[in-house]
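Notes follow once the structure below has been shown.
The values are calculated or read from the model by the stated rules, or taken from the named source; none is laboratory data. Not measured: the values here are computed from a predicted model. Every residue, glycine among them, receives a Cβ derived from its backbone with ideal geometry; neighbour counts consider all protein chains shown. Note: accessible area is taken over every heavy atom of the protein model, side chains too, but ligands, DNA and RNA are not part of it. Shrake-Rupley method; radii C 1.70, N 1.55, O 1.52, S 1.80 Å.
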Amino acid sequence: LMQLFRPLDMLGWVYRTIRQGLVDMAEMFRLMDTQVEVIDVPGAPALVADPPTVAFDNVVFGYDPERTILHGLSFEVPAGSRVAIVGPSGAGKSTIGRLLFRFYDPQAGRILIAGQDIAKVQQQSLREAIGIVPQDSVLFNDTLRYNIAYGREGASEGEILRAADDAAILPFIEKLPDGLETEVGERGLKLSGGEKQRVAIARTLLKGPPILLFDEATSALDSGTEQDILGTLQRVSRNHTTLAIAHRLSTISDADTILVLDDGHLEEQGRHADLLRRGGLYAEMWARQQAESEPTAEAAE
Ligand code: ATP
């Protein structure tokens, strides 16, 4: 009988997720390629994300039972702080984001927000508490207004403009003859990768979640745009608890704490300068990236 109910359950989940407008559609469909495995505990209470702390407590997780990806991972993100997760490719960085959004449950250990186990609260309330800025922001073939306001139904004009301003896209919008009514997407105005991402940031800010999860999109952006976006993110993340999944170390060197993940273990943890002094994995990755970025900088000139 459970076999019969699973697809129905999944449909319900899809519907709720779309209705909530919580995640970028492309990201959602990408995530849905993976099986949805979690359901609400009957009578689960709503999450109260106050103060918005995040903690992983001995989390063990693998997509397949034979292959463990996170081996008893523990870390804490204090309310209002900015924590970056770095590490070699395949270390498990994005997996942490997927677990926090509860696309999967850990096999052991707990993930806590404001002291509440996220496996025991209503998923809708969990997803309302977390705003994701995904790697590749996809816009709807509609107006800029629609694309930003999608973050929250019934947002006022002032709120939309403030979110656009905070995401540093307002000056760009104000220069367009049709302003917020400008059609974007395939048949409308083509936006650059950086502009698209700013619209996605505005959408997330309008939603106003206490916790932000940034999956850094460095590959799609040139380094000037990347620096601009980072400046924006640093500014907006001041009022939130932020987890940033970073592929380039230069972008997170001022984080409050940097978690260095290696093969699902927390290898090192600290601030940029401390980690450099330590001379471990982070220092090694930093040296490698510095060496790699030099020829690129020359080529760009
Ligand atoms: P990158 O920097 O390359 O994005 P990452 O540190 O974010 O890497 P994850 O995406 O978290 O790494 O992946 C960790 C491991 O889990 C990888 O070995 C990956 O192959 C595996 N993995 C990721 N998603 C799935 C999935 N849906 N099913 C099975 N294995 C997966």
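On the principal axes of its alpha-carbon atoms, the stretch 141-268 has extents of 50, 29, 22 Å, going from largest to smallest.
Computed from label points 7 Å out along Cα-Cβ, the spacing between ARG187 and GLU292 is 4.1 nm. Taking 7 Å steps out from each Cα toward its Cβ at VAL48 and VAL60 produces label points 3.3 nm apart. Evaluated over the stretch 76-230, the count of Lys pairs having alpha-carbon atoms less than 28 Å apart is 9 (only pairs 8 or more residues apart or interchain). Heavy-atom accessible surface of the stretch 154-297, averaged per residue, reaches 48 Å², computed with a 1.4 Å probe.
Computed over neighbours whose Cβ is under 10 Å from that of GLU268, the net charge equals -2, Lys and Arg +1, Asp and Glu -1. Would you mind getting me the FRET efficiency between ASP117 and ARG238? Use the beta-carbon distance for r and R0 = 25 Å, nearest 0.05. Efficiency, from the Cβ-Cβ distance: 0.35. Compared with the direct C-alpha span, the chain from GLN227 to ALA108 gains 39.0 nm at full extension, assuming 0.36 nm per residue. The shape of the stretch 47-90 can be summarised by an equivalent ellipsoid whose semi-axes, obtained from the alpha carbon gyration tensor, come to 25, 14, 8 Å from longest to shortest. Spin-label model, SER89/ALA273: points 7 Å from Cα along the beta carbon direction are separated by 3.4 nm.
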